[in-house]
Structure formats: C-alpha cells, structure tokens
1. Let me confirm something: among Phe106, Phe56, which residue is out of contact with any Pro (no Cβ under 8 Å at 6 or more places or on another chain), closer than 23 Å to Pro198 by Cβ and part of a helix (DSSP H, G or I)?
2. What are the residues in the stretch 12-28 that are in contact with a helix residue (DSSP H, G or I) (Cβ under 7 Å, 6 or more places away or on another chain) and at pLDDT 95 or above, if any?
3. Considering only residues of the stretch 25-46 that are in contact (Cβ under 8 Å) with a residue 40 or more places away in the chain and hydroxyl-bearing (Ser, Thr, Tyr), which is surrounded by the fewest Cβ atoms within 10 Å (Cβ to Cβ)?
4. Contact list please: Cβ distance under 7 Å, first residue in the stretch 90-111 and within 23 Å of Glu152 (Cα to Cα) and among the polar types (S, T, N, Q), second residue part of a helix (DSSP H, G or I) and modelled with pLDDT of 95 or more, pairs at least six apart or on different chains.
5. I'm checking my understanding of the structure. Among residues of the stretch 64-96 that are β-branched (Val, Ile, Thr) and surrounded by fewer than 20 Cβ atoms within 10 Å (Cβ to Cβ), which one is farthest from Ser145 (Cα to Cα)?
6. Is there a residue in the stretch 53-71 that is in contact (Cβ under 8 Å) with a residue 60 or more places away in the chain and within 30 Å of Arg215 (Cβ to Cβ)?
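The values are calculated or read from the model by the stated rules, or taken from the named source; none is laboratory data. A quick note: this is a predicted structure, and the numbers were derived from the prediction, not measured. Because the Cβ atoms are built from the backbone with ideal geometry, glycine has one as well, and the counts that use them run over all protein chains shown.
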Amino acid sequence: MTGQVRTVDGRVAGRRGQATRQKLLDCLSEMLSSSPYRDVKVIDVARKAGTSPATFYQYFPDVEGAVLELAEETAKEGAGLTALVSGRAWVGKAAWGTSEELVEGFLDFWRRHDAILRVIDLGAAEGDKRFYKIRMKILNSVTSSLTDSVKELQAKGRVDKDVSPAAMAGSLVAMLAAVASHQKGFTTWGVKQAELKPNLALLVHLGITGRKPTR
C-alpha cells in the first residue's frame, strides 16, 4: 500500500490502522466471491476480519464505499494490462506471441479478480456512473494501446486503410472482457481452457494484423 491512508474523519492511519483497513478489504473481497455484494453486511465483514463494526466505519462509510475502494484498487492493477500491448511487435512470429500473451494476461486478470469485476460489471450495467468509470478505466488502457498498434500497422501499409483502429481495438477488448468474465461458462459448452486461449489469440491476431498468424 502506498501513500497516506486516511480514516473517514480525515485522520492519517498508522501502520496498524492500514493493516486493519486492508484486512477488512481482503475479507470483503473473499465474501464477494460467494455472496451478492448487496447482501454483505458491515457486521459480517467486521466479524470475519476479527474486529468491530465501529472499526469498519472508521475506514469506510458503508459496504458500498468499501466495494468501490476494492474496485479502484483493481482498476489500478488493470491499467498494467497495457504492458501486454504497448511497444509489442505485431509482425511475423512475434505477433502470435503478443496475441497469446494478451489473451493469457486478460484471462488471468479476470480469474484473480472475478468477484469484484462481477460487481463492477453489474454496477456499470445498472447505470451507476461510478462503476462505469472504473470499468472503462480498466479497459481503456488496453484499447488505446491496441488502437495505436493498428495505426502503426496502417502507416506501414500492413493493415487496410478502411479499418477503423479504434473500432477494431474496442471490439477486441470488449470481446476479451466478455469471454474472460464467462470462463467458467465455456466448460458447459464442452470448451476447455486449453482450447479457448489459442482460438481467442487467433481472433486477436486476425483483428489487429488482418492476417493469419505465422507460428
């Protein structure tokens, strides 16, 4: 945890206070994996963290406030997904490796943060601007990097000028997010993870380069 952490009333939390606050967030995150977030109560989070509701209220105004904090932390980590695209090669065999790593990174990020990402998606779908902004913060960094990649390929004559870089990038990222959030569902269709990844990578490669991959 970096930077100063403050309590609800504006006081700077000490090391012990920061540890307590983080434990509350960790317990909340664990509870979200098995319960709808609107069913989670302050007293339940506090009890699981081995503290009191009064202590919870020192750091968060309510459960939703804590959920938003978890969402913001997830968005900060999600911004790192751009490293899977920015400055990476999209020509020759290297392009296939870039496609594979982007898919793997996306699926892994969603698996690790499945619970809070489901809450973010739900809030955004319901029109809550706070969750919508967080969701876009996660997706925009990758979308922007992919958009730049398509533009670079167009400038070099490797991608048709009729392709809209932003539309292609946005469509691919939306696809990745949708598939990543539905990973468990694919097993009901008889699709294994080992089959899902290369097929997703193929779609990404075709979308960005307009060519079949060289492996």
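1. Just one listed residue meets the conditions, Phe106.
2. Correct list: Leu24, Leu25, Cys27, Leu28.
3. Result: Ser33.
4. Ser99/Ala201; Ser99/Val204; Ser99/His205
5. This residue is Val91.
6. no
Per-residue answers, yes or no, for (1) modelled with pLDDT of 90 or more; (2) under 23 Å from Arg118 (Cα atoms); (3) not hydrophobic (A, V, I, L, M, F, W, C):
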| residue | (1), (2), (3) |
| --- | --- |
| Ala169 | yes, yes, no |
| Met175 | yes, yes, no |
| Ala180 | yes, yes, no |
| Lys184 | no, yes, yes |
| Gln193 | no, yes, yes |
| Pro198 | yes, no, yes |
| Leu203 | yes, no, no |
| Gly207 | yes, no, yes |
| Arg211 | yes, no, yes |
